[in-house]
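Structure, as structure tokens:
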Amino acid sequence: MNPQFLLWLTGAMAIFISGATASRAYIANNNILILILALCLYCVGNLMMVRLMREGGLGLAISASAIAQLVVVNIVAFIVFGERLSLQQLAGVGLGIVAMALMLFPAQRGA
């Protein structure tokens, strides 16, 4: 996978995770400014995704983004908000990690 694609994906994920964290913080305190911040972060993240879609294609960009968010959001939920997953849910996250690893391997050219 192109290092530039991975760098943009990392940046977009940081923006999306910041937006998700701000959304969760808004739920806790109902401060409208935090909601506006979350919405702005989601807009920036989606604009970054447009470039990723151009470079890697729609399927790869959205799939990689969704799985990266799955993993990172669960880490943030655990560390910051004290949320826990069941064993079955943890297995699902693990399968997501395997899926992302398989997607990011270079494609084999051929028949």
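The values are calculated or read from the model by the stated rules, or taken from the named source; none is laboratory data. Model, not experiment: these values are computed from the prediction. All Cβ positions, glycine included, derive from the backbone under ideal geometry; neighbour counts span all protein chains shown. Ligands, DNA and RNA are stripped out before the accessible areas are found, and what is left, the full protein with its side chains, is counted by its heavy atoms. Shrake-Rupley method; radii C 1.70, N 1.55, O 1.52, S 1.80 Å.
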Translational diffusion coefficient (Stokes-Einstein; Kirkwood radius from C-alpha pairs) of the chain at 10 °C, 1.306 mPa s, in µm²/s:
105
If you roll a 1.4 Å probe over the heavy atoms of the protein chains, what accessible area per residue do you get for the chain, in Å²?
65
What's the extension gain from I75 to A91 if we count 0.36 nm per residue and subtract their Cα-Cα distance?
4.3 nm
Build a GNM of the chain with springs between Cα atoms under 10 Å: which of A61, A91, A25 gets the top mean-square fluctuation?
A91
How much mean residue ellipticity at 222 nm does the chain get from its helices, if each DSSP H run of length 4 or more adds -39500 (n - 2.57) and you divide by all residues, to the nearest 500 deg cm²/dmol?
-29000 deg cm²/dmol
Would you work out what percent of the accessible area of the stretch 35-86, with all protein chains in place, is carbon or sulfur (probe 1.4 Å)?
73
For the stretch 40-111, which chymotrypsin sites (Phe, Trp or Tyr not before Pro) pass both filters: DSSP loop (anything but H, G, I, E, B) and at most 14 other C-beta atoms within 10 Å?
F81
